[in-house]
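The values are calculated or read from the model by the stated rules, or taken from the named source; none is laboratory data. This is a predicted model, so every value here is computed, not measured. Reconstructed Cβ throughout: ideal geometry from the backbone, glycine too, with neighbour counts over all protein chains shown.
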Amino acid sequence: MKIVTAQEAVSDVKSNNRIFFQGAAMTPNVLIDALCNRYQELENIDIVQIHTHGNTRYLEAPYNQSFFLSSFFVGDNTRSGVNTNTGDYIPVFLSEIGSMFRRGILPLDVAFIQVSPPDKHGYCSLGTSVDVTLPAIESAKKVVAQINPHVPRTHGDGIIHIDNINAAVEVDEPIYTTKMEAFSDVEATIGKHVAGLVEDGATLQMGIGNIPNAVLHNLQGHKRLGIHTEMFSDGILPLIEKGVITGEDKAIKKGKIVTCFAMGSQKLYDFIDDNPNVHFKEAAYTNDTALIRQNPKVTAINSAIEIDLTGQVCADSIGMYQYSGVGGQMDFIRGASLSEGGKPIIAMPSATNKGISKITPFLKEGASVTTTRAHVHYVVTEYGVVNLYGKGLMERAKALISIAHPDHREALERAARERFNL
């Protein structure tokens, strides 16, 4: 491994290359900026990533003349590019992205990553984002790294030896952090409803955001909870400190917190650093339905943009506008439904901030079906909990209307009568 300047580090990128960017808190922004500075020398560069944080000059003029984004997920910094002509969205389950690299469906020329300094054996840690980064560095022809002492050393599979890094640039700056925000009354109520479904000894999957944090806040009286998830944030820390999360009932990596990435505060990163109880694995492992289902009482907590009266869930687009991505929702919804005592849960406010009902007669034109109605079990809003599993279409409509916002129930009832000829 040679230590070079950022400009030298990205010099191996050639026109017509496909470049991988590590994401989340590990986004290698120094390398990305250096690459963007070369836009006049390059053309037809295809960038693949999940979800990055920081500036995305490659989506803006004049840089977008040279770069095109093919994204597996859409965040606020890439949304405008993906919904115009400077980028595109690839719909795929998080569990399958790595196989696209390994099988050569999306061959990689260069992988940009951010890692910890090497240990005495020469191994660097991929930090808090192993997800699809591990298969990317195993598949790419060249690997270019930011070496940053602020990157936590994580246990699990997220390591790379310095001999496998072609060029590196040294940086010394804090990694990306997020803060837990206070949850609203609606979110707090949803959290209580969902927490009421969680049993002692359950294995949890949850994401980032106020609703998962509101659920976790209401689990402090529970016992023997485990974590097998694609990601986690600060919400689990109080439960670990109080002995609520022990993982003792898990079947897969008993006693361990299993994840493929994490994002949160510096306190979270300090907890993760060199902690043998937290195992970072690639997404093909964490999101493998065959593994998820082996854990007891898997309780998967996911959200939605809208749900129609038959139970079809749209969680990644607003009509034709690509808002986020498929992610791992289906991986865990299915895994939880197959787990002994498992509970797949879709939790969401009954209406948007503008007062539009999120329970609708039909999904918007162009909207994607993230989770099919055959996979849906529990749906939770601030107005209650319903279980659609085993119910016919008319029963489902009635159940969903009962937890819709009261301002919209009459209109939904009329739509249901018309749809089902009642």
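Quickly run through segment 175-210 and pick out the residues that are hydroxyl-bearing (Ser, Thr, Tyr) and part of a loop (DSSP other than H, G, I, E, B). Tyr176, Thr177, Thr178, Ser184 - these are the residues of segment 175-210 that are hydroxyl-bearing (Ser, Thr, Tyr) and part of a loop (DSSP other than H, G, I, E, B). Of the residues Leu291, Leu237, the single one that is of a type in the set (A, V, I, L, M), more than 29 Å from Pro174 (Cβ to Cβ), at pLDDT 95 or above and not in a loop (DSSP other than H, G, I, E, B) is Leu291. Scanning segment 260-267 turns up no residue that is under 21 Å from the mean Cα position of the chain (by Cα), of a type in the set (Ser, Thr, Tyr) and crowded, with 23+ Cβ neighbours inside 10 Å.
State whether the residues of segment 399-406 include one that is in contact (Cβ under 8 Å) with a residue 40 or more places away in the chain, closer than 22 Å to Gln329 by Cα and out of contact with any strand residue (DSSP E or B) (no Cβ under 8 Å at 6 or more places or on another chain). Scanning segment 399-406, I find no residue that is in contact (Cβ under 8 Å) with a residue 40 or more places away in the chain, closer than 22 Å to Gln329 by Cα and out of contact with any strand residue (DSSP E or B) (no Cβ under 8 Å at 6 or more places or on another chain), so the answer is no.
Checking each residue in segment 217-239 for being in contact (Cβ under 8 Å) with a residue 24 or more places away in the chain and of a type in the set (A, V, I, L, M, F, W, C) picks out Leu219, Leu225, Ile227, Met231, Phe232, Leu237. Scan segment 243-271 for residues that are closer than 18 Å to Gly207 by Cα, assigned to a loop (DSSP other than H, G, I, E, B) and polar (S, T, N, Q) and the total you get is 1. Of the residues that make up segment 361-370, is at least one touching a Phe, Trp or Tyr at 6+ places or on another chain (Cβ under 7 Å), surrounded by fewer than 21 Cβ atoms within 10 Å (Cβ to Cβ) and under 17 Å from Thr310 (Cβ atoms)? Checking segment 361-370: not a single residue is touching a Phe, Trp or Tyr at 6+ places or on another chain (Cβ under 7 Å), surrounded by fewer than 21 Cβ atoms within 10 Å (Cβ to Cβ) and under 17 Å from Thr310 (Cβ atoms).
Residue-wise test of (1) in contact with a Gly (Cβ under 8 Å, 6 or more places away or on another chain); (2) of a type in the set (Phe, Trp, Tyr); (3) surrounded by fewer than 23 Cβ atoms within 10 Å (Cβ to Cβ); (4) part of a loop (DSSP other than H, G, I, E, B).
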{"residue": "Asn295", "(1), (2), (3), (4)": "yes, no, no, yes"}
{"residue": "Thr299", "(1), (2), (3), (4)": "yes, no, no, no"}
{"residue": "Gly325", "(1), (2), (3), (4)": "no, no, no, yes"}
{"residue": "Phe332", "(1), (2), (3), (4)": "no, yes, no, no"}
{"residue": "Ile346", "(1), (2), (3), (4)": "no, no, no, no"}
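When Val115, Val132 are checked against the criterion of being within 19 Å of the chain's Cα centre (by Cα) and either at pLDDT below 95 or not charged (D, E, K, R) (or both), Val132 stands alone in meeting it.
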